[in-house]
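The values are calculated or read from the model by the stated rules, or taken from the named source; none is laboratory data. Here the structure is a predicted model, which is why all the values come from computation and not from measurement. Cβ: placed from backbone, ideal geometry, glycine included. Neighbour counts: every protein chain shown. Keep in mind that these areas ignore ligands, DNA and RNA; they rest on the heavy atoms of the full protein, side chains included. Shrake-Rupley method; radii C 1.70, N 1.55, O 1.52, S 1.80 Å.
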Amino acid sequence: MGISRRDFLMRVGQAGGYSAAFLTMQSMGLMPALAQKKVELSVAPNIGKGVKVVILGGGISGLVAAYEMRALGYDCTVLEARSRPGGRNWTVRGGDTIAFTDGTTQTCAFDPGNYQNVGPARLPSIHHNILGYCRKLGVELQVEVNTSRSSLLQNDSANGGKPMVQRQVINDTRGHVSELLAKCLSKGALDQEMTATDRDRMLSFLRLYGTLDEAGKYSGSEDAGYTVQPGAGDQAGVLSQPIDMHTLLDASFWDGILFEEQFEMQATMFQPVGGMDRIPYAFAKALGDTVQYNSPVTEIRKTAKGTRIAYTQSGQPRSIEADFCLCGLPLTILKKTPNDFSAPYKKVIDECTYAGAYKIAWESRRFWEQDYNIYGGLEFLNTGCSPIWFPSANLFAQRGVLVSGYGFVSPPEFDRLSLTEKFAASRHSIERLHPGRGKELEKPIYVGWSHVPYNE
């Protein structure tokens, strides 16, 4: 006589406890395993001795490549167009200049100790590789508060447009859904309680709430996690197979399945103390003069023995030859750089486009903490500049830097607004959620990545 998986897992749990049952479920593919860590390369020491490599771009990918290849004996040179490492990993502080390709400039006037990560700003625990480099390079990390149930949500079509506290919205929604679904268990109760319109709206909501397909079937989602994580290039990832309802009911997973569902948007993450650029600067310190700054690439050519890269350094033309070249330049820059790539390769580069991400940040009295009991986390509006993002560093200080508007430039009309108009729209979003506090916002900065030199 056979044994069901449920009975088998129950016996494992009885014999070895919760941990044994948990690990058994992972091995059977019934629960997603932890994200895979970096696999160490099986290569001979100094395998790169005598081999010269030029790396284009001193962003994270270029810095990591140089760090790992130097450890294997390769002779590496990193060419970075800017006077700093990190690429899109950029922390803006008081006195820094933000320059755009059209000649527009801004000078940040934040108080000493305040900053804004205008590129990446948080690290989830599943990013094992970069967290591992932080440990290795001595980059001090602190908690980044990604969610606060005290933050506000606003939608013009709900509550007369007045903002509502997130914890009430979430728990009231779950309560009403649970009540309605409970009524489904009573024969005929649903028809008596709901109109046809309400039924249709409820079905639409449940498709979103439960990530259901058009037929009302749940087949897994990225919120639930992956058996193979998404990665670089065309590695799209493999969704984990859903745990069957019997297992979920028997195991009482309620606390787990209701906690910060998005795979990479955990309630608490990490950030380097003092700014995200502590990571590229730590790499740069370890690499020393391997990284050549103020060295934008002007030409990429093949040679009989490898490659030749032309560049300028502090305005003077230079060139370097190497056995290999690793390119970490954005495609927007690469497509403008003279080269002798094959026609199909050029076609792919030329046809690629990027979305234009932006952030607007302000310095202010920390009214979100002092007046609203909000410490970190995000707020969302259905129109205008959204989300609002509160800082996790320097909690309880008198002043801090918050974001009012972060995302892609959509609709395009927003990108065409003047800086003054963008700042007015951003201030208006704060005012809609926190009346009277918009006037406290000072020293704004706007970073639109489609206009940043060497990124675009």
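Quick notes on this one:
- Residue selected from the range 291-325 under the condition in contact with a Leu (Cβ under 7 Å, 6 or more places away or on another chain) and open to solvent by 40 Å² or more (accessible area, probe 1.4 Å), by the criterion farthest from Lys49 (Cα to Cα): Gln292
- Test: Ser429 is among the hydroxyl-bearing types (Ser, Thr, Tyr), touching a Gly at 6+ places or on another chain (Cβ under 8 Å), at pLDDT below 95 and within 21 Å of Lys162 (Cα to Cα): no
Yes/no per residue for (1) closer than 30 Å to Val54 by Cβ; (2) at pLDDT below 95:
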| residue | (1), (2) |
| --- | --- |
| Asp96 | yes, no |
| Gly103 | no, no |
| Asn114 | no, no |
| Ser157 | no, yes |
| Lys183 | no, yes |
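- Considering the range 76-114, and only residues there that are of a type in the set (D, E, K, R) and touching a residue at least 40 places away in the same chain (Cβ under 8 Å), the residue that is least open to solvent (accessible area, probe 1.4 Å) turns out to be Glu80.
- Residues satisfying the stated conditions in the range 398-456, i.e. on the phi > 0 side of the Ramachandran plot, in contact with a helix residue (DSSP H, G or I) (Cβ under 8 Å, 6 or more places away or on another chain) and open to solvent by less than 50 Å² (accessible area, probe 1.4 Å): Gly405
- Residue count for the range 185-200, restricted to those that are modelled with pLDDT of 65 or more and part of a helix (DSSP H, G or I): 5.
- Test result for Thr337, within 30 Å of Ala65 (Cβ to Cβ) and either open to solvent by less than 40 Å² (accessible area, probe 1.4 Å) or not in a strand (DSSP E or B) (or both): yes
- Residues (in contact with an Asp or Glu (Cβ under 8 Å, 6 or more places away or on another chain) and aliphatic (A, V, I, L, M)) located in the range 379-401: Ile388, Leu395, Val401
- Which listed residue is touching a Lys or Arg at 6+ places or on another chain (Cβ under 6 Å) and aliphatic (A, V, I, L, M), from Val403, Val409, Val348: Val403
- For Gly376: the one exception among (1) on the phi < 0 side of the Ramachandran plot; (2) in contact with an Asp or Glu (Cβ under 8 Å, 6 or more places away or on another chain); (3) touching a residue at least 40 places away in the same chain (Cβ under 8 Å); (4) open to solvent by less than 40 Å² (accessible area, probe 1.4 Å): (1)
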